[in-house]
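Contents: one structure, followed by commentary.
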Amino acid sequence: MRSCLLLFITIFPFFIKGQDRDIDLESFAERFYQLQDDDLPYEQIYESLLQYYMHPVNLNKTSSEELLSLNILTPEQINHLMDHIRKNGPLISIYELQSIPSFSPEIIRDLLPFVTVRERHDSRNLWERIRAEENNYLLLRHFRTLQSKKGYQSAQNDPYVGDPNYFYARYRVSKTNDFSLGFTLEKDAGEQFFRNDSSSTSLADFQSYHFFLKDKGLLKALALGDYQIQLGQGLVFGSGFSFGKGAEPIHTIRRNEIGLRPYTSALESGFFRGAGLALGNNHWTYIMIYSTLDQDARLINDTTFSDFEEYISSIQETGYHRNQSELARKDQLRETTYGGGLSYQSRYFRLGITSIFNRFSHPIRKKPNNYNQFEFVGTENWTGSIYGSFLWQNINAFGELAQSSSGGIAYYAGLIASLTPQVDFSFSLRNYNKNFHSFYANGFGEQSRTINEKGAYWGLKFTPYRKLILALYFDHFEFPWLRYGIDAPSEGMEYLGRLTYKLSRKIQLYAQYREEVKEVSATESVSNLSALTSGIKRNLIFNADYEVTPSVSMKTRLQTSNYDLGELKSAGFALMQDIQYKIWRLKFDARFAIFDTDNYDNRIYAYERDLLYTFSIPAYAGNGTRTYIMMRYSINRSINLWIKYARFNYQDAQRIGNGSEEISGPVRSDIRTMLKINF
């Protein structure tokens with residue numbers, strides 16, 4: 001049997017193209033999770049994909065839970081893979097997947113960047129392995145807006161203290177399922193590059209370091225420095241990113257069980273700083289963490305609204321320290337966190353418990369008003385949960401039940417099933433109490449926070465044949481208590497349909513329609529009183545990807561948007577033409593787009609190609625054009641250079657942006673450069 005498989009692998013590898021792992025992760029994200037909106041943290045989406053890309057899953061040593069976390073395979077495909085390995089032994093080549101039922105060439109192409117089958121025992125000590133590792137690189141980035149912003153004017157009230165240059169450096173050396181170490185440095189535009197004050201000296205405004213070991217016998221993972229942890233369905237530990245609603249309606253309802261991971265992003269919130277340890281065997285895993293992290297916050301000395309003489313009114317997550325006001329909030333709050341989780345896993349199910357305790361150096365107390373009276377108050381918070389998942393044949397069920405020290409409860413439960421080879425189905429329920437407090441939660445839902453929400457979600461993917469895919473979802477949600485700007489409990493619904501047709505390997509077409517109905521507070525013209533009114537936003541996309549020659553590929557896209565709020569109606573559109581050209585060591589990407597929207601309510605978001613390991617999704621609002629051109633040049637095998645120039649030209653604007661970010665005139669242009677050096 002194995003000899004026949006080897007012959008098959010040798011003769012027919014041409015069924016799958018693109019075995020090079022250096023894929024365009026941005027295109028992958030766009031194809032799988034196409035939902036252009038500002039509700040999603042796209043940098044975290046990209047960082048999540050990058051984590052899997054840099055640490056591919058070993059198919060010969062994986063579990064069903066880890067395979068599900070890739071968000072690519074159905075429960076049925078995972079069971080077919082596990083059965084194949086059990087009957088035939090470890091996979092010899094990734095192309096052996098072609099012999100497994102339900103694994104199409106398209107599925108295997110999607111898997112290639114994120115999986116491996118090779119792992120050789122290395123008897124060298126850790127230092128020797130680090131020195132010899134080929135995955136050893138340094139990234140250097142520079143961004144700059146060419147027009148002057150108001151914040152850099154000395155006459156401006158509270159001007160920026162630094163220059164308009166953005167600098168970023170990341171060094172990392174890592175080996176899959178072995179080790180990772182590195183650092184990240186970042187200076188945002190407007191910040192000082194080198195600051196030496198009475199309290200500290202720093203080369204860059206944000207600095208992050210990590211050291212990570214994995215799979216050393218009973219030691220499943222050791223994280224020192226900055227790290228993330230994600231367990232269960234993210235109601236307690238969800239500091240890594242998980243996808244939400246989008247054009248992939250099945251896999252994205254399930255949170256990924258990634259455990260401990262090193263943190264390498266430049267996002268200045270949502271991670272732990274300290275130590276994390278995971279111990280266990282094939283069935284049991286015990287994780288414990290300790291973290292001490294200084295966070296930006298607004299410190300208030302006022303007893304008008306609180307019994308505290310000194311308290312924190314809000315935690316700042318932007319990471320900006322450009323002027324004296326932002327610098328005054330830097331590191332005002334120290335958070336100490338400890339906790340962990342215990343889980344048991346077999347072939348078919350996983351059960352686990354989690355617990356986290358947060359202690360803050362100052363009491364947290366938001367300025368009281370109607371909508372936030374159930375928010376967290378105090379210096380200490382505890383949150384715990386029990387979670388589980390079950391995989392059997394073509395069904396995967398999962399859920400988590402959590403409670404915080406306030407008494408607030410949250411639960412999330414879902415189901416993914418392959419009903420037939422052509423039909424996949426998903427369903428989930430959620431209920432997050434208005435007084436549930438979990439600072440590192442990342443539950444599935446309409447809002448970015450896991451609080452004050454109930455909902456039910458249905459998803460369906462129908463593939464009548466290989467070239468045609470219909471993806472659908474419907475989500476109904478309620479907010480049992482008031483929200484910011486909403487003066488009463490409210491509700492809404494959202495649905496999306498996307499039809500994709502793969503005319504050939506060179507041509508792919510899709511049409512996507514999304515509608516969201518959400519209640520908002522609006523003032524009635526007759527009574528002049530505020531009342532709930534349904535705001536309806538509709539988005540329509542027509543997209544065509546086509547390859548003209550092996551060196552030239554193009555994309556044409558039309559996006560429309562309209563928004564109805566009672567008597568107020570507005571609309572907008574954007575038409576984009578992309579081209580990609582490859583020659584020798586050069587690769588060019590360019591776009592020309594025209595757009596016209598009545599107002600910001602109808603802003604249109606569209607992905608565009610950017611520097612390696614970065615993400616760009618600007619908002620098209622107003623009337624104007626958007627152009628960019630990007631070049632990648634491989635100087636040699638070790639050094640690659642990226643340069644991107646992008647420009648907005650507005651026809652109806654005398655200024656762009658607001659506040660300190662305001663630009664005088666109708667044009668904004670940016671230049672981005674990056675150098676990647678492989679050692």
Partners for residue 330 among lysines (Cα-Cα distance below 22 Å; same-chain residues under 8 apart left out): 187, 366, 367
Once the dipole of the range 243-327 is set up with Lys and Arg at +1 and Asp and Glu at -1 on Cβ about the Cα centre, which of 297, 314, 263 lies farthest towards its positive end? 263
Ordering of 445-452, 671-678, 636-643 by packing [mean C-beta count within 10 Å, highest first]: 445-452, 671-678, 636-643
Expected vector for the range 145-158, Karplus 3J(HN,Hα) from phi with 6.51, -1.76, 1.60 and θ = phi - 60°, integer Hz, x for Gly and Pro, equals 8, 6, 7, 7, 9, 4, x, 8, 7, 5, 6, 5, 5, 6
Per the Cα gyration tensor, the chain corresponds to an equivalent ellipsoid with semi-axes, largest first in Å, of 37, 32, 29
Please state the relative contact order of the range 131-211 as a whole percent: Cα pairs under 8 Å, 6+ residues apart? 27
Which of 361, 427, 385 sits farthest toward the positive end of the charge dipole of the range 354-440, with +1 on the Cβ of Lys and Arg and -1 on the Cβ of Asp and Glu? 361
Going through the range 449-484, which chymotrypsin sites (Phe, Trp or Tyr not before Pro) have at most 12 other Cβ atoms within 10 Å and a DSSP loop state? 484
Placing +1 at every Lys and Arg Cβ and -1 at every Asp and Glu Cβ, with all other atoms neutral, what dipole size does the range 78-184 have around its Cα centre, in debye to the nearest 20? 260
Between residue 258 and residues 5 or more places away or on another chain, which pairs have amide H atoms under 5 Å apart, with H built 1.01 Å from N, and which residues are they? 230
Nearest 20 debye, what's the magnitude of the dipole of the chain about its Cα centre given +1 on Lys and Arg Cβ and -1 on Asp and Glu Cβ? 2460
Residue-count net charge about residue 294 - beta-carbon cut-off 14 Å; Lys, Arg +1, Asp, Glu -1: -2
Hey, what did the range 438-484 get for relative contact order, percent, Cα under 8 Å, at least 6 apart? 33
About the Cα centre of the range 131-211, how large is the charge dipole given +1 on each Lys and Arg Cβ and -1 on each Asp and Glu Cβ? Please answer in debye to the nearest 20. 200
Kindly provide the Kirkwood hydrodynamic radius of the range 609-679 in Å, to one decimal, from all pairs of distinct alpha carbon atoms. 14.0
Around residue 605, which amide H atoms from residues at least 5 apart in sequence, or from another chain, sit under 5 Å from its own amide H, with H modelled in the peptide plane? 620
When the Cα centres of the range 535-555 and the range 373-396 are compared, how far apart do they sit, in Å? 39
Can you list which of the GluC sites (Glu not before Pro) found in the range 91-137 are DSSP loop residues with at most 11 other C-beta atoms within 10 Å? 134
Candidate lysines - alpha carbon under 17 Å from residue 461, same-chain residues fewer than 8 apart omitted: 245, 502
Note to self: C-alpha centroids of the range 76-155 and the range 320-343 sit apart, in Å, by 31
Find which of 237, 58, 599 sits farthest along the positive direction of the dipole of the chain, computed with +1 on the beta-carbon of Lys and Arg, -1 on that of Asp and Glu, about the Cα centre. 58
Sequence order, the range 549-566: Karplus ³J(HN,Hα) from phi using 6.51 cos²θ - 1.76 cosθ + 1.60, θ = phi - 60°, Hz rounded, Gly and Pro as x, gives 9, x, 9, 10, 10, 9, 9, 10, 9, 10, 10, 10, 8, 9, 9, 10, 9, x
Summing -39500 (n - 2.57) over every DSSP H run of at least 4 residues in the chain and dividing by its residue count gives a helix-only mean residue ellipticity at 222 nm, to the nearest 500 deg cm²/dmol, of -3000 deg cm²/dmol
Per-residue ³J(HN,Hα) for the range 571-577, Karplus 6.51 cos²θ - 1.76 cosθ + 1.60, θ = phi - 60°, Hz, x for Gly and Pro: 8, x, 8, 9, 10, 10, 10
Find the relative contact order for the chain and round it to a whole percent, using C-alpha pairs within less than 8 Å whose residues are 6+ positions apart. 10
Between residue 288 and residue 393, what FRET efficiency follows from the Cβ-Cβ distance if R0 is 41 Å, with the result rounded to 0.05? 0.70
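Every number here is computed from the coordinates shown, using simple stated rules; none is lab data. The shown structure was predicted, so the numbers you read here are calculated from the model rather than taken from an experiment. A quick note on method: Cβ atoms are made from the backbone with ideal geometry, for glycine too, and the neighbour counts reach across all protein chains shown.
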